[in-house]
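Structure record follows, encoded as structure tokens.
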Amino acid sequence: MSSRTNDADQVLPLTIVTGGTDGIGKEVARELARQGKRVWIIGRSSAKGAAAEAELRQVGDVRFVAADLGSMAQVRELSDQILAETDEIESLVHSAGILKIEHALNGDGIEQNFAINYLGRFLLTERLLPALTKGRARVVAIAAAGMNKMVFDFDSLPGIPQLSPFKTFTQSQAANDVWIQDLAARVEGSGVVVTAVMPGMVETNIRLNDANGFLIKLTDSPVLMPLLRMSILISPATAAITPVWLATDPAATANGGFFGPKKKVIKVKSDRKDPVLQRKLRETSLRLVGGAL
């Protein structure tokens, strides 16, 4: 299968960063490109994507591909496009995410936080598994690894009308935890390494949208932001250190591992490894994406 090359003798596998047009994802893509990787950045906004591509191409081989990861049809189209380009993926870093505290459904009738923060990741990764396996890839999910309770309302999915949008956001993060443990167990011995990262309090635009209320947006105001920068807030470039390490370092082989800022190990609790919960989430996820991969 044809792929771009750096020279006539070397064919580079593909590196994919979702949410690579802004925030942590953009800094991850920047460093991966600097290291000589062939990087695709995925995002919804064509204007933002074109600007990010132009900027990042100053340091390496970067291409923007437009896709809404909250739309399962677009995720399928994206995976088809990737597999038409290459059958070998070196790393897949999931950075795309939202935080909306207003209840809303996407075009598939799925609550938006759950669709973008978890379900799109699930579908894209599962469809790319053959290429990930061939590339002995690193799969890195940037989420609130290990930080949320394992309380799922499977019966109310996809719309989750019984849960507040903020609780749905935390449930999407918990779903990442369970899925990462499930996927890590399924790829054990294949050479694929699956990990999750809790990046810390990062100065990004994830909270700034029309759906979020005054108190959420206040954290990004000119009043509080300087105080947060001096205390707990870190830059996207600093937050990118751990996912870049997990995506590239031959020594970072902790399949199923959870990590925090500065490569700190986060203990994986036993409830994330519950095979019954993993199977239930996998079955529910398959149902929500249309019943088949």
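Derivation of every value follows stated rules applied to the coordinates shown; laboratory data play no part. Quick caveat, the model's predicted, so the values are computed rather than measured. Here Cβ is always computed from backbone atoms with ideal geometry, including for glycine, and neighbour counts include all displayed protein chains.
Below is a table of values for the structure above.
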| read-out | value |
| --- | --- |
| Rounded if a/c under 1.5, otherwise prolate or oblate - segment 52-107, Cα gyration tensor axes | oblate |
| Cross-link pairs Lys37/Lys280; Lys100/Lys280; Lys48/Lys267; Lys100/Lys273; Lys48/Lys100; Lys48/Lys134 - those with Cα-Cα distance over 30 Å | Lys37/Lys280; Lys48/Lys267; Lys48/Lys134 |
| Inter-site label distance for Leu293 and Ala50 at 7 Å from Cα along Cβ, in nm | 3.6 nm |
| Estimated distance in nm for a label pair at Arg279 and Arg34, the labels positioned 7 Å out from Cα along Cα-to-Cβ | 4.6 nm |
| Three-way shape label, segment 33-135, alpha-carbon gyration tensor, a/c 1.5 | oblate |
| Amide H partners (placed H, <5 Å) of Glu90, local residues excluded | Leu14, Thr15 |
